[in-house]
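The values are calculated or read from the model by the stated rules, or taken from the named source; none is laboratory data. A quick note: this is a predicted structure, and the numbers were derived from the prediction, not measured. Don't worry about glycine lacking a Cβ; one is built from the backbone with ideal geometry, like all the others, and counts go over all protein chains shown.
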Amino acid sequence: MGDSSVAGALVPSVPKQEPTPSGDASTAALAAEEEAGARAAGADGDVTADRDLFCPICMAVIKDAFLTACGHSFCYMCIVTHLSNKSDCPCCGNYLTKAQLYPNFLLDKVLKKMSAHQIAKTASSIDQFRYALQQGNDMAVKELDSLMTLIAEKKRHMEQQESETNMQVLLVFLHCLRKQKLEELNEIQTDLQYIKEDISAVERHRIELYRTKERYSMKLRMLLDDPAASKMWPSSMDKPSGLFPPNSRVQLSTSTPGVLQNKKLDLKGQISHQGFQRRDALICSDPPSSPVQSGNVIARKRRVQAQFNELQEYYLQRRRTGAQSRRLDERDMIAMNKEGYHAGLEDFQSVLTTFTRYSRLRVIAELRHGDLFHSANIVSSIEFDRDDELFATAGVSKRIKVFEFSTVVNEPSDVHCPVVEMATRSKLSCLSWNKYSKNVIASSDYEGIVTVWDVQTRQSVMEYEEHEKRAWSVDFSRTEPSMLVSGSDDCKVLMPFYSGTFFDLGYPSLI
């Protein structure tokens, strides 16, 4: 049996409707198969670089290659789907049916090798090993045992490294946590020292107040019980050497011996009674442990408990700031020793007293300044003058109105008339009264114009138009009366003087 019979068994001859160029169909099929195999074998391994290995239908690498009688290779699913609709070859147009399709084993084998080579070039070692196992490569049991031992040793080594890394990370975290907690502990200890000092100072001051109260209450009781004791109080309490009144000598010289003796006994008893009272008052330094608390005290304590966290933060902030940034000179040290209070504690006491004194807000007056010509009367700014006697309002009504505070509070009215009114060209956003001059007020409007007004003449003194967009805020300096600052939507803060000089800080606008 010759090669032609084997070739005919693999690729049987098919009668052609059209004459072939040369030879039979089997010869053409074998030639095409060998040519494809030669091209695939001579390729450099890059599948995408050889267009001949692409399916002419799906334009992808051929999968399950099948060869036609005319010598073209396609994906099996692609050519079957095509022949279900048409009976010709997609490449040359020759008549073709499903019976004239033959599997191309050589091309499949070449494509698999090229795919494996591509995976070997791009895939990781794990992927290559997995691919080799999936391909069913023959391996001896001894080789598998050695490989498994190597993998187990590698696994233990990696687990050990992972454990060491985890321990190192945990150790770093614990060191950081310890450092943070030590800093917190030092801060807490410092705060406790501040609190201890303040408690001692407050207790000393409280005891002094209690002693003073007891002395005056004892004096008041003595004056009410015995009017004659009022004459003896200065001599017995303030002047220890003068226990007898000035006229005692005359009385002794004119009295009888019995009466004189009785008077001496009464006087000694009275003086000793006063001395005991004074000693008891001075010894009793501690106030009563559980005094009867009034409703006001209970209400103030409740307010403290309700805002305890905020008050605590403010107290610690004041004490830490005072301890770090303020060094007491001799005058402050003498004042602190005399009063017993630290500056931070004194500030906090002032805030605490003010906070607990008031429990609610009460409306004392309501400003009604109806404008018949401007229905939209939104007030965007209210500013008091230097002496808190006048206040000005401004808003979308394009007017600055100045009112007397005492008149608005003490004289309720349906409509309050301003004492001064100044018209502007645009809606106003902010006002600022000069801290030194009572007649100077500045305004900023929606057009970005900052205007300085004279309240007495009701005229504008200066206008600054350097802002490119709406100006939101304006404020006079507290230390330099001729300087003011303004902020706008143009992301600029301008500091104009009355001389007209500007300094562009380039900061975001102050709102």
In the range 117-139, is there at least one residue being surrounded by 12 or more Cβ atoms within 10 Å (Cβ to Cβ) and closer than 15 Å to LEU53 by Cα?
-> yes
Does ASP475 qualify as being over 30 Å from LYS492 (Cα atoms) and either buried (at least 18 other Cβ atoms within 10 Å of the Cβ) or out of contact with any Ser or Thr (no Cβ under 8 Å at 6 or more places or on another chain) (or both)?
-> no
Which one of ALA32, ALA69, ALA38 is surrounded by 19 or more Cβ atoms within 10 Å (Cβ to Cβ) and modelled with pLDDT under 85?
-> ALA32
Pairs returned, first residue in the range 71-82 that is of a type in the set (A, V, I, L, M), second residue that is buried (at least 20 other Cβ atoms within 10 Å of the Cβ), beta-carbon separation under 7 angstrom, 6 or more apart or interchain, are ILE79/PHE66
Can you tell me which residue within the range 408-455, out of those that are among the acidic types (Asp, Glu) and under 14 Å from SER486 (Cβ atoms), is surrounded by the most Cβ atoms within 10 Å (Cβ to Cβ)?
-> ASP445
Kindly indicate which of LYS121, LYS154, LYS113 is at pLDDT 80 or above, assigned to a helix (DSSP H, G or I) and in the same structural domain as ILE62 (by TED's automatic domain parsing).
-> LYS113
Report, ordered by the first and then the second residue, all pairs with beta carbons closer than 8 Å, sequence separation of six or more or different chains, a first member in the range 455-472 that is at positive phi, and a second member that is hydrophobic (A, V, I, L, M, F, W, C).
-> ARG458/VAL420; ARG458/MET422
Matching residues, the range 428-446, being modelled with pLDDT under 90 and among the charged types (D, E, K, R) = LYS435, LYS438
For the range 377-394, state whether one or more residues are at pLDDT below 90, assigned to a loop (DSSP other than H, G, I, E, B) and within 30 Å of ASP490 (Cβ to Cβ).
-> yes
Quick one: GLN307 ticks every box in (1) of a type outside the set (Gly, Ala, Ser); (2) at pLDDT 85 or above; (3) loosely packed, with under 10 Cβ neighbours inside 10 Å bar one, so which box is it?
-> (3)
What is the one condition in (1) under 20 Å from ILE62 (Cβ atoms); (2) at pLDDT below 85 that GLY136 does not satisfy?
-> (1)
Would you be able to say whether some residue in the range 460-469 is more than 26 Å from GLU366 (Cα to Cα) and β-branched (Val, Ile, Thr)?
-> yes
